[in-house]
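See structure below.
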Amino acid sequence: MRSFPTSSIRLLLITVATTVILSTPALAQTPVPVCCMATAISDGSYLYIQGGFTSVATLRTAVPQFFALDLLVETWSTSTPPWTWPPNVGGVTPPASNGHSMALSNDRGNLFIWDPFQPAAWWTYNIGARYWSSYSIPRNVTKQSGIRNGVDMNTGNVFIPGGADNGTQMIMNSPGSSEVPLTPMPTTLLPTPVVQASFVWSTYRNSFLHYGGQSIAGNIANPNLIEFIPTTGWQALATTGPSPGDVSAYSGTKMIVFGGAGLNGVTNADIHILDLPTREWTLGMSANATQARRNMACATSGDSFVAWGGESTLAIKDVTPIVYDMRNNQWTSQFRRNTTLPMPAEPSTPISTKVESRQY
Ligand SMILES: *[C@@H]1O[C@H](CO)[C@@H](O)[C@H](O)[C@H]1NC(C)=O
Ligand SMILES: *[C@@H]1O[C@H](CO)[C@@H](O)[C@H](O)[C@H]1NC(C)=O
Ligand SMILES: *[C@@H]1O[C@H](CO)[C@@H](O)[C@H](O)[C@H]1NC(C)=O
Ligand SMILES: *[C@@H]1O[C@H](CO)[C@@H](O)[C@H](O)[C@H]1NC(C)=O
């Protein structure tokens with residue numbers, strides 16, 4: 001099994017890491033189910049999840065948990081997902097939070113969290129050094145749930161649309177620089193500032209797709225699919241077909257929109273796929289209505305789409321991920337990265353046992 005990548009970390013960090021491992025036994029843990037978490041995908045290898053709301057009796061409580069789903073495991077059953085727990089060797093971990101967002105750096109070495117309700121809105125997890133750090137941003141940060149961040153995978157620049165001045169300005173940062181220039185959000189394409197939109201990088205289009213969400217004022221659904229091309233700016237993206245959490249797949253040539261909720265608050269279980277070369281939407285097979293959800297974590301890996309957590313109209317979803325086979329258009333209890341290869345023999349030991357023995 002793979003473990004988290006290590007880089008040339010200093011001896012001090014290794015020493016601290018050993019202490020952490022000894023003081024907290026590396027047992028397999030099942031995450032607490034949450035909605036409204038920060039999530040990021042590392043190129044079909046890990047789905048990272050931080051924070052979110054869980055429910056304790058009738059109360060909602062934010063949690064500080066940080067874990068990942070290992071998407072490179074070729075096959076697994078949804079009853080034994082390959083969870084992994086990236087360690088922290090001494091930095092201050094992000095606090096319990098929700099309604100924040102996370103993105104992966106273009107060198108795949110860091111995760112960036114945008115959490116506007118914290119005094120330091122920017123958090124970085126160095127994946128190789130296993131270390132958290134945080135920064136305050138000298139801007140009038142928009143204190144709203146559902147402000148997204150995203151990384152231009154060509155340049156590494158981080159963008160936070162609506163991140164400043166009550167949703168009207170986009171924050172940019174080149175990691176390593178202390179500059180955080182602002183540019184106005186495109187009011188002709190997006191008349192009113194929105195939150196809870198999707199903001200995903202498409203390698204195929206070399207742009208960010210910005211879709212859905214709702215206005216800060218008046219809770220009005222955003223029907224616009226627009227894109228932000230870092231070199232030229234914002235533009236509309238015209239599509240055809242029946243348009244409807246929400247990630248790109250097959251190297252950014254497809255965008256998947258699963259679930260979500262209408263403004264009546266009723267959650268959906270349908271799945272829509274936008275093919276970017278043809279810009280055509282197709283409707284996939286809906287999940288069982290009991291799986292309708294919003295504010296979940298989603299990822300794609302090979303032929304599979306995975307959704308985890310989130311909430312239905314009232315309740316936090318359970319801890320079992322759901323998996324859609326995009327090639328064969330069906331929901332399945334078996335994750336398979338590559339459905340064109342023969343089904344591998346049953347693993348002799350359950351995957352969860354292997355995860356248990358994983359050490360960092
Ligand atoms: C920050 O933005 C809010 C909302 O637009 C505004 O009310 C407030 O005056 C701004 N604060 C500063 C320091 O600019
Ligand atoms: C933020 O902007 C919305 C309109 O998008 C407005 O209704 C709201 O009052 C503003 N909030 C603040 C703190 O200025
Ligand atoms: C939907 O899920 C419920 C509860 O798990 C189950 O009883 C029902 O058979 C499922 N329906 C379909 C069409 O799979
Ligand atoms: C599945 O495997 C086949 C044969 O090795 C390969 O050509 C194809 O690209 C793979 N598909 C995915 C989605 O990895």
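The values are calculated or read from the model by the stated rules, or taken from the named source; none is laboratory data. Everything quoted here is computed from the prediction, not taken from an experiment. In this analysis, Cβ positions are derived from the backbone assuming ideal geometry, glycine residues included, and neighbour counts consider all displayed protein chains.
For the stretch 197-219, the candidate set comprises residues that are more than 16 Å from Ala236 (Cβ to Cβ), not in a loop (DSSP other than H, G, I, E, B) and not hydroxyl-bearing (Ser, Thr, Tyr); within that set, the residue that is nearest to ligand 2 (Cβ to nearest atom) is Gln214.
Only residues that are crowded, with 21+ Cβ neighbours inside 10 Å, farther than 20 Å from Ala315 by Cβ and hydroxyl-bearing (Ser, Thr, Tyr) were counted in the stretch 27-61, giving 2. The residues in the stretch 181-203 that are surrounded by fewer than 20 Cβ atoms within 10 Å (Cβ to Cβ), more than 26 Å from Gly259 (Cα to Cα) and under 23 Å from the mean Cα position of the chain (by Cα) can be counted, and the count is 0. Is it the case that some residue within the stretch 2-19 is among the aromatic types (Phe, Trp, Tyr), under 24 Å from the mean Cα position of the chain (by Cα) and modelled with pLDDT under 80? Looking through the stretch 2-19, at least one residue is among the aromatic types (Phe, Trp, Tyr), under 24 Å from the mean Cα position of the chain (by Cα) and modelled with pLDDT under 80.
Here Met170 meets each of (1) in a strand (DSSP E or B); (2) surrounded by fewer than 20 Cβ atoms within 10 Å (Cβ to Cβ); (3) among the aliphatic types (A, V, I, L, M) with one exception, condition (2).
For the stretch 102-145, taking the residues that are under 15 Å from Ala164 (Cβ atoms) and under 19 Å from the mean Cα position of the chain (by Cα), the one that is farthest from ligand 4 (Cβ to nearest atom) is identified as Phe117.
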